[in-house]
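Right, one structure below, let's go through it.
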Amino acid sequence: MKNQRIRQGRIRRRRAAARPHTPVLPWSHAAVFLLLNASVGLETPVLALMLLARGATLGTLPLVMGVTLVVTAVCEVPSGIAADAWGRRRLFCWAMALQIAAHLVLLLPASIVVVAVSSALRGLALAARTGTLEAIEIDRAVERHTDATERCTALDALNGRLALLESAGCGIGALAGGLLASLDARYVLLIWCVVLVSACALAGALLLYPSDESGRAATHHSARQVLADMRGLLAVPGDVRLVLVLSASAGVIMLTVETYWQLSFQQLAGSGSVWMLGPVNCVGMVAAAAGSAAAMRAGSAFSQALGHGGRCRLYLLLHAAAALCLLVLGAAPGIGPFVVGYALYYVCIAARSVIEQTVLHNAVPSQERASMASVQSLSLRGGGALASAAGAGVIAACGVPGTWPAFAVLALLLELVAFRGKDGEHTKRK
């Protein structure tokens with residue numbers, strides 16, 4: 001048996017060497033992904049400040065941020081069905097057009113209505129474009145590699161490059177966004193830059209990706225079957241419930257950082273520190289890449305040593321560490337400790353995301369993975385919506401500094417609920 005496996009491995013290597021080399025992700029397609037991520041990274045370090053400059057207030061800021069989350073959550077599953085039935089390239093192009101429209105709206109005279117409409121359009125764009133081009137690239141890799149081992153290797157390489165492009169695009173965009181924000185307090189220059197980069201990504205998709213083939217339309221029966229399968233899986237206690245509750249907790253953590261880190265940093269750094277937001281956000285992108293890489297190595301070793309239970313314990317520990325980073329950010333006495341806490345947060349949140357996907361996909365049958373991934377995304381956004389709804393009250397009672405410990409406690413309480421449910425499952429099995 002051993003000699004047979006060795007011979008099979010040699011045959012696969014000879015076939016791979018004889019086959020003409022084709023890149024797992026063409027450079028032209030990689031450029032489209034880089035532009036897409038750069039358009040997101042441009043506004044990431046100053047999003048809250050930009051919305052405040054265009055008409056939001058400290059009291060309405062969590063609500064308009066919540067509009068994006070709610071719209072994305074409501075439209076995510078329907079947009080996934082539309083991508084399969086209508087075409088992924090076509091839906092991506094419509095999503096980029098919506099993203100351009102969302103930023104053009106912000107150029108209107110500043111008001112809360114303008115910000116709310118822009119936030120709703122941004123949510124539609126985010127829901128529509130999620131996973132569209134990535135699905136095209138994954139299909140391409142699967143079709144070109146019929147051997148199971150080669151296919152897994154190709155998918156690993158593809159996903160790794162997509163992650164690097166995301167980190168690079170967001171990091172480059174963050175650096176440019178912080179600089180542009182420091183040059184224009186009304187953020188008009190930054191908004192036009194986002195529109196230009198988004199338009200380039202849209203043009204690249206239209207020119208470089210082939211037209212969509214006629215997809216099969218989703219039927220009412222198939223939609224009902226998907227819902228029935230999801231209900232059946234959720235009715236059983238286990239890792240799926242653990243992931244869903246911790247995803248809601250992660251939504252609280254992530255929205256807290258995205259909404260309040262810029263305000264807290266400026267309170268520590270003082271006036272004239274807007275230019276520093278881009279480099280700090282870039283530090284976060286680098287830390288996230290490091291956290292993802294570390295989790296892939298450590299998670300695999302932990303799984304081999306302790307089995308599936310080891311992954312769940314690592315998942316819980318990393319999630320708790322991410323929640324505790326909120327306390328570090330809230331208690332930071334100066335810029336240095338704040339940046340360190342910000343980097344640690346990104347290491348923890350990226351590492352837990354890697355382990356989370358492994359736990360989820362190990363527990364979900366293959367035919368239900370896409371639908372359950374949508375439910376998991378809804379749970380993540382639901383936690384963010386909860387934090388948005390509570391944000392105005394927390395700020396009114398405690399101010400911006402009080403949001404960090406308040407939402408850290410909320411996230412840890414949700415994790416306790418998830419842990420008790422998991423502990424109860426093991427007790428029943430015994």
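No lab work stands behind these numbers, since they all come straight from the coordinates. Computed from a prediction, not measured in an experiment: that's the story for all the values here. Backbone-built Cβ (ideal geometry, glycine too); neighbour counts: all protein chains shown.
Please order S377, S198 by the number of other Cβ within 10 Å, starting at the fewest.
Working: S377 20, S198 26.
Placing the least packed residue first, the sequence is S377, S198.
Highest mean first, what order results for 185-191, 165-171 on Cβ atoms within 10 Å? Write down the numbers at each step before the final one.
Values: 185-191: 17.6, 165-171: 22.3.
Those peptides, ordered most packed to least, come out 165-171, 185-191.
So between A135 and L416, what do we pick up on full extension, going 0.36 nm a residue minus the alpha carbon distance? Mind dumping the intermediate values first?
Values: separation 281, 0.36 × 281 = 101.16 nm, distance 3.50 nm.
Between A135 and L416, full extension yields an extra 97.7 nm.
What's the local net charge at Y187, with K and R +1, D and E -1, over the other residues with C-beta under 10 Å away?
On the way: positive: R54, R186; negative: E43, D184.
Combined, the nearby Lys, Arg, Asp and Glu give 0.
When S353, S388 are ordered from fewest to most other Cβ atoms inside 10 Å of their Cβ, what list results? Walk me through the numbers before you get to the answer.
Working: S353 21, S388 24.
Lowest to highest Cβ neighbour count: S353, S388.
How would you rank C398, C193, going from fewest to most other Cβ atoms within 10 Å of each one's own Cβ? Intermediate values should be presented prior to the final figure.
On the way: C398 13, C193 20.
The fewest-first ordering by Cβ neighbours comes to C398, C193.
One-quarter of the Cα convex hull surface for the stretch 23-214, in nm²? Before the final figure, lay out each step's value.
Numbers: hull surface 43.6 nm².
Its average projected convex-hull area is 10.9 nm².
Tell me, what HN-Hα J-couplings in whole Hz come from the Karplus equation 6.51 cos²θ - 1.76 cosθ + 1.60 at θ = phi - 60° for each residue of the stretch 63-72, using x for Gly and Pro?
6, 6, 5, x, 4, 4, 5, 5, 4, 4
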